[in-house]
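Colleague: Below you'll find the structure I mean.
Taken together, the values in this text are just the output of simple stated rules run on the coordinates, not laboratory data. As the structure is a computational prediction, the values presented were derived from the model and not from experiment. Here the Cβ is made from the backbone with ideal geometry for all residues, glycine too, and neighbour counts use every protein chain on show.
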């Protein structure tokens, strides 16, 4: 079922079409090779970088994070949120991002979160709020400046960091500044959750409701009052991912989302590699946000 607009339409959803659009592992048959390599590179990062592992940011069993110090004081601080459709992957597979950010002079915090259906997507999003608040409170022990927090995330993590941009921080804690997050970078982000309700393999686990879609879809929320968000997607990704990447800029405007771009030759997983690879456009844009 072709869709020519940037608005998802729920009349008679074609579930098979939606499965093709959102099943990234099916679209990239060698996805397992990425996971194996990320794990190996991440293990090396944890051995070679100054870090604190499995630090609690909350009371739940999955509310832990890995924190990597910057090489010098006063550095920017990156909070990187991994993907996996709120049901898979782990922070330990993404420490390699900290290596790339360390070379750029930044500290990095990589949080874990609980999975659906044990928690809902909004509840998981709130976990990421608490993890980012932890990063703000403990920035100086990581050689970082709490006024220079940049959030980055992939896929479900792209959704999370857009939500962090839109967060009303003083409502969470009166001690937190309203502009706690200075900038964001979303890779293949899921900025409207409504289509996922019609993807059988996802909804079976996510169990999204209409109220959750409304409350936890970045594209349905008011634009943030502060900061700028760069939305990137692989040019080889599905039409739905390309649509969602445009949608956030359309809803939040160019002042908050100055760039929403599809990058040729990248798929749903290689775009994460590109973030960690000097010379790649994703890496250059991340470096600019850290400045």
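Colleague: So how do 81, 272, 230 line up by other beta-carbon neighbours within 10 Å, fewest first?
Modeller: Numbers: 81 31, 272 27, 230 21.
Ranked by crowding around the Cβ, least crowded first: 230, 272, 81.
Colleague: Moving on to the next point. What whole number of Å gives the distance from the Cα centroid of the range 172-189 to the Cα centroid of the range 110-146?
Modeller: Centre-to-centre distance over Cα atoms comes out at 11 Å.
Colleague: Helix 31-48 against the longest principal axis of the chain: what's the angle in degrees, Cα atoms only, rounded to the nearest 10?
Modeller: 10
Colleague: Now for a different question. Suppose only helical runs count, i.e. DSSP H with n ≥ 4. What mean residue ellipticity at 222 nm does that imply for the chain under -39500 (n - 2.57) per run, divided by all residues and rounded to the nearest 500 deg cm²/dmol?
Modeller: Calculated from helices alone, the mean residue ellipticity at 222 nm is -11000 deg cm²/dmol.
Colleague: Calculate, in nm to one decimal, what residue 250 and residue 39 gain on full extension: separation in residues at 0.36 nm each, minus their alpha carbon distance.
Modeller: 72.4 nm
Colleague: Something else: As a footprinting exposure proxy, order 198, 192, 173, 215 by other Cβ within 10 Å, with the fewest listed first.
Modeller: Lowest count first: 173, 215, 198, 192.
Colleague: Further question: Restricting to the chain, compute how many DSSP beta bridges are antiparallel as a %, nearest 5.
Modeller: Details: 8 of 33 bridges.
Once the DSSP bridges in the chain are tallied, antiparallel ones form about 25 percent.
Colleague: Can I ask one more? So if we plug the beta-carbon distance of residue 205 and residue 259 into 1/(1 + (r/R0)^6) with R0 = 45 Å, what FRET efficiency do we get, rounded to 0.05?
Modeller: Efficiency computed from Cβ-Cβ geometry: 0.90.
Colleague: Further question: According to the Cα gyration tensor, what semi-axes, each the square root of 5 times an eigenvalue, does the equivalent ellipsoid of the range 76-173 have, listed from largest to smallest in whole Å?
Modeller: Working from the Cα gyration tensor, I get semi-axes of 21, 17, 10 Å.
Colleague: How big is the convex hull of the Cα atoms of the range 194-239, per residue, in Å³?
Modeller: 107
Colleague: For 138, 102, 31, which order do you get if you count the other beta carbons within 10 Å of each Cβ and list the fewest first?
Modeller: On the way: 138 19, 102 22, 31 14.
Fewest to most other Cβ atoms nearby, the residues stand as 31, 138, 102.
Colleague: Rg and Dmax in Å for the range 15-290, alpha carbons only: what are they?
Modeller: Computed over the Cα atoms of the range 15-290, radius of gyration and Dmax are 17.0, 51 Å.
Colleague: Percent of Cα-Cα pairs per 10 Å bin, from 0 to the last occupied bin, for the range 1-128, please list those.
Modeller: Reading upward from the zero bin: 12, 32, 31, 18, 7, 1.
Colleague: Of all the C-alpha pairs in the range 175-291, what % are more than 18 Å from each other? Numbers along the way, then the final one.
Modeller: On the way: 3783 of 6786 pairs.
The answer is 56 percent, as a whole percent.
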